[in-house]
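Participant: Take this structure, written in C-alpha cells, and hold onto it; I'll ask about it next.
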Amino acid sequence: MHCVVVGGGLAGLASAVWLSEAGQRVTLLERRGSLGGRTISMPLAAVDDIPDNGQHVFASGYTDLMRYLESVGTREHVEFPGHMTFRMPGGGTRRSAFGGLTGLRAALGDLPGVTGLDRLRTARAQATLIRQAFRQPEWLDKVTADEWFRRIGMPQSARKALWDGIVIGLTGDKTEISSAKVPADLLVTGARRALASRTPVSIGFPTVDLDTLFIAGAEKRFADAGVDVRHRAVVSSIDVADGKVTGVTLSDGAKVEADAVICAVPVWNVKGMLDQVPGHERIYEAADTLTPVPIVSVNLYLDRSIGMEDWGEILYGGEGVLEQVWDRQRMHGRDPKDNWFYSTTVSAAYDLIGKTNAEITDIQMDMLRRYYPQAAGAQVVHSHVVRMPRSTFAQRPGTAGIRPDQRTAVEGLALAGDWTRTDWTTTMEGACQSAARAVEVILEYARSRHHA
Ligand SMILES: Cc1cc2nc3c(=O)[nH]c(=O)nc-3n(C[C@H](O)[C@H](O)[C@H](O)COP(=O)(O)OP(=O)(O)OC[C@H]3O[C@@H](n4cnc5c(N)ncnc54)[C@H](O)[C@@H]3O)c2cc1C
C-alpha cells in the first residue's frame, strides 16, 4: 500500500519507520522545514554547541519509545542512572533513589521537610492514594489533583516535598488544573510496567542531543527504505470517499493519493483536517478540551561550575511549578571546556512565558543562586531561552475518555500523536505507543485488502 504519514514528530516518525519496516511504501509529510516536532535540537553558533528545545527525560516503562530507538539504531544513547537529587534552598541535597530502601522510606512518609506527625499523615495519605489509584472512586475525574490531595489528607509539607512535583511531572500541569484521574492512571501504568519488567520505576536521559537521538537514525532508515520525506508540506485535509481514505490535500491545493493515512499532528492542529471523517465532531471536542501548557527552558552557559552533585536535580519548594536543573555536560559525558552548561526547565510556566529573555535569564540565575552557593558569583557567558507555549496539554476534570482512539470510522485512516488515547499522558512514550497502535490498525487494513 502507499501510506501517507502526516506530521514528522515522534508519533509520525515512529509510524513511518514501522510502516516501512513492515514493507509498505511510505510518504512522510511535515509542515516545517525539518523533522522532530516537539523534540528537536537547536544548534547555537555563539557557543559552538547543540542544546535541545528542552530537556526530555525518559521513564523506565517507555517500551514503545525504546522500540523506536532500537529501530533507528540509537538505543545505546539513553542511560538510566537510578537516582536523581532533591536540592534545598541554601544548597542542601538529598539523593532520591528509585525503589529500594529510599523508596520504602518515602512510602513511610520520610520525605525532605516532612517532620513529626506529618510523616504519619503522609504515610496514611500515600496508602490511600495508591489504593484509590488502583480502585478508582467514581468522583476521581470530577476533581482536580489539588482537591484529591485535600480529600485524602495529604499534608502540605509532603505535597511541597514530592506530590505537587509528581503531578506536574506526570501530567505536565498544576495540581489545581489537572484532573485527579490523570496522575492516578499514570501511577497505575508505571506500577504495572515496573511489575511486568520486575524493575523499579526509574528516570533516564539521552546522552546525545535530540536530533542525533530521534532524527538522524530515522533519516538514514528512510533513505535506505526509500521513504519519501517532504518538508514544508502542510496538509489541510484528509480526503475520504465511500468510507475509505483516498489521500490528503495540501494547503497549496495539491493532492497526494494514498491507500492509507496516519494523521500524526498535535491536538492543536487537527481541527479542520478531518471534516470528511464521520464522528470528527467528537475528535474536535478533544481539540477544544485539551488545553496547551507552556514550558520554558533555558540553556545557560556559565563561567564556572555551580557544583551540582547529580545529573539532574529537582529544586525543592518551587512556586507551584516544577523546576529542574540539568548538568548537560555530565549527561553527555563531556568535560567543560570554555564554559559550564546547565539547562533549566520550568513546567507549567504560565507566569514565566510572557517575560523577556533578559528577565527569564535573571529569574533563573536568581533561582540557581538560591539553591547553589557556588553560583553566587557566576557570570552568564551565554543564555538561550526556549519558550514553548504549546509543550504539553492539560487534561482537566471531566475529560476522561475524551482522547480519541487511533482507529477511526474511515477505512485506512488512523490517528496518532501524544493526545490520542494511550496508557500515558502527553509524553514521548504516549506518542510512540499511539504510533504502534496506529500502524497496527493500518497493517490490519492491509491484510484485509489482501484477503478481499
Ligand atoms: C520542552 C518540552 C519538554 C518535554 N519534556 C518531556 C519529557 O521530559 N518526557 C516526555 O516523555 N515528554 C516530554 N515532552 C512531551 C513530548 O515532547 C511530546 O509529548 C511528544 O514529542 C509529542 O510528539 P507528537 O509526535 O505527538 O507531536 P509533535 O512532536 O508536536 O509532532 C507533530 C508534527 O506534526 C507537524 N504538523 C502539524 N500540523 C501539520 C500539518 N497540517 N501538515 C503537516 N505536518 C503538520 C508538526 O510540525 C510536528 O512536526 C516535552 C515537550 C516539550 C515541548
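Participant: When you check D228 against the structure, is it free of Cβ contacts under 8 Å to residues at least 24 places away in the same chain, in the same structural domain as V256 (by TED's automatic domain parsing) and charged (D, E, K, R), yes or no?
Facilitator: Numbers: free of Cβ contacts under 8 Å to residues at least 24 places away in the same chain: no; in the same structural domain as V256 (by TED's automatic domain parsing): yes; charged (D, E, K, R): yes.
No; evaluated as a whole, the condition is false for this residue.
Participant: Take the conditions modelled with pLDDT of 95 or more and over 30 Å from W326 (Cα atoms) and apply them to R390. Does it pass?
Facilitator: On the way: modelled with pLDDT of 95 or more: yes; over 30 Å from W326 (Cα atoms): no.
The answer is no for R390.
Participant: Of all residues in segment 395-428 being among the small types (G, A, S) and within 13 Å of the ligand (Cβ to nearest atom), which is nearest to T345 (Cα to Cα)? Let's see the steps before the verdict.
Facilitator: Kept after step one, since they are among the small types (G, A, S), are these residues of segment 395-428: 398, 400-401, 409, 412, 414, 416-417.
From what is left, the residues that are within 13 Å of the ligand (Cβ to nearest atom) are 416-417.
On the way: A416: 27, G417: 23 Å.
Once the filter is applied, the top-ranked residue is G417.
Participant: Also, I was wondering about something else. Among the numbered conditions (1) under 18 Å from the mean Cα position of the chain (by Cα); (2) at pLDDT 95 or above; (3) in a loop (DSSP other than H, G, I, E, B), tell me where L213 comes up short.
Facilitator: Going through the list (1) under 18 Å from the mean Cα position of the chain (by Cα); (2) at pLDDT 95 or above; (3) in a loop (DSSP other than H, G, I, E, B), L213 breaks only (3).
Participant: Continuing with the same structure: Of all residues in segment 297-324 being of a type outside the set (F, W, Y), at pLDDT 95 or above and touching a Leu at 6+ places or on another chain (Cβ under 9 Å), which is surrounded by the most Cβ atoms within 10 Å (Cβ to Cβ)?
Facilitator: Checked segment 297-324; the qualifying residue surrounded by the most Cβ atoms within 10 Å (Cβ to Cβ) is L300.
Participant: A further question follows. Can you tell me which residue among A349, A378 is away from the ligand (no atom under 16 Å from the Cβ), assigned to a loop (DSSP other than H, G, I, E, B) and among the aliphatic types (A, V, I, L, M)? Step through it out loud before you land on a result.
Facilitator: Values: A349 fails: away from the ligand (no atom under 16 Å from the Cβ).
Among A349, A378, only A378 is away from the ligand (no atom under 16 Å from the Cβ), assigned to a loop (DSSP other than H, G, I, E, B) and among the aliphatic types (A, V, I, L, M).
Participant: Okay, next question. Suppose we keep only residues that are of a type outside the set (V, I, T) and touching a helix residue (DSSP H, G or I) at 6+ places or on another chain (Cβ under 7 Å) within segment 237-267. Which one would you say is nearest to V4 (Cα to Cα)? First the steps, then the outcome.
Facilitator: Let us first name the residues in segment 237-267 that are of a type outside the set (V, I, T), namely 237, 239, 241-244, 247, 250-255, 257-260, 263-264, 266.
Within this subset, residues satisfying the condition of being touching a helix residue (DSSP H, G or I) at 6+ places or on another chain (Cβ under 7 Å) are 260, 264.
Working: A260: 6, A264: 10 Å.
This residue is A260.
Participant: Step by step: first the residues of segment 355-375, then only those that are exposed (fewer than 14 other Cβ atoms within 10 Å of the Cβ) and in a helix (DSSP H, G or I), then the one that is farthest from the ligand (Cβ to nearest atom). Which residue is that? Even if it seems obvious, please write down each step before you answer.
Facilitator: Within segment 355-375, the first condition is being exposed (fewer than 14 other Cβ atoms within 10 Å of the Cβ), and the residues that meet it are 356-359, 366, 373.
Filter again for in a helix (DSSP H, G or I), leaving 357-359, 366, 373.
Working: N357: 16, A358: 21, E359: 19, D366: 21, P373: 28 Å.
The extreme case among them is P373.
Participant: Okay, moving on. Exactly one condition in (1) over 27 Å from P200 (Cβ atoms); (2) more than 11 Å from the ligand (Cβ to nearest atom) is not met by V4; state its number.
Facilitator: Among (1) over 27 Å from P200 (Cβ atoms); (2) more than 11 Å from the ligand (Cβ to nearest atom), the lone unmet condition for V4 is (2).
Participant: Oh, and also: For segment 216-237, how many residues are part of a strand (DSSP E or B), within 12 Å of the ligand (Cβ to nearest atom) and surrounded by fewer than 18 Cβ atoms within 10 Å (Cβ to Cβ)?
Facilitator: If we filter segment 216-237 for residues that are part of a strand (DSSP E or B), which is where we start, we get 228-230, 235-237.
If we keep only those that are within 12 Å of the ligand (Cβ to nearest atom) too, we end up with 229-230, 235-237.
Narrowing further to those that are surrounded by fewer than 18 Cβ atoms within 10 Å (Cβ to Cβ): 230, 236-237.
Number of matching residues: 3.
Participant: Every residue in segment 312-346 that is away from the ligand (no atom under 15 Å from the Cβ), under 19 Å from V386 (Cα atoms) and out of contact with any Pro (no Cβ under 8 Å at 6 or more places or on another chain), please.
Facilitator: Result: D327, W340, Y342.
Participant: Next up: Filter segment 249-290 down to the residues that are surrounded by fewer than 16 Cβ atoms within 10 Å (Cβ to Cβ) and either closer than 30 Å to S383 by Cα or basic (K, R) (or both) and list them by number.
Facilitator: If the condition is that a residue be surrounded by fewer than 16 Cβ atoms within 10 Å (Cβ to Cβ) and either closer than 30 Å to S383 by Cα or basic (K, R) (or both), then K255, W268, K271, R282 are the ones that fit.
Participant: In segment 52-92, how many residues are assigned to a loop (DSSP other than H, G, I, E, B) and either within 14 Å of the ligand (Cβ to nearest atom) or of a type in the set (S, T, Y) (or both)? Break it down into steps so the answer makes sense when it comes.
Facilitator: Narrowing segment 52-92 to residues assigned to a loop (DSSP other than H, G, I, E, B): 53-57, 60-62, 73-74, 80-82, 88-92.
After this cut, where a residue has to be either within 14 Å of the ligand (Cβ to nearest atom) or of a type in the set (S, T, Y) (or both) as well, the list is 53-57, 60-62, 74, 80.
Selection size over segment 52-92: 10.
Participant: State the number of residues belonging to segment 394-420 that are in a loop (DSSP other than H, G, I, E, B) and within 21 Å of A16 (Cβ to Cβ). Working first, answer last.
Facilitator: The first filter runs over segment 394-420 and keeps only residues in a loop (DSSP other than H, G, I, E, B), leaving 395-406, 408-410, 412, 416-420.
Within this subset, residues satisfying the condition of being within 21 Å of A16 (Cβ to Cβ) are 404-406, 408, 410, 412, 416-420.
The qualifying residues number 11.
Participant: Where in segment 116-193 are the helices (runs of 4 or more DSSP H), entirely inside, with at least 1 residues that are of a type in the set (G, A, S) and out of contact with any helix residue (DSSP H, G or I) (no Cβ under 6 Å at 6 or more places or on another chain)?
Facilitator: 117-134, 164-171
Residues are listed down the side, and each one gets a yes or a no for (1) more than 19 Å from V439 (Cα to Cα); (2) within 16 Å of the ligand (Cβ to nearest atom); (3) touching a Phe, Trp or Tyr at 6+ places or on another chain (Cβ under 9 Å):
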| residue | (1), (2), (3) |
| --- | --- |
| S15 | no, yes, no |
| S20 | no, no, yes |
| T27 | no, yes, no |
| R31 | yes, yes, no |
| T39 | yes, yes, yes |
| P43 | yes, no, no |
| V47 | yes, no, yes |
| I50 | yes, yes, no |
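The values are calculated or read from the model by the stated rules, or taken from the named source; none is laboratory data. The shown structure was predicted, so the numbers you read here are calculated from the model rather than taken from an experiment. Methodologically, a virtual Cβ is constructed for each residue, glycine included, from the backbone with ideal geometry; neighbour enumeration extends over all protein chains shown.
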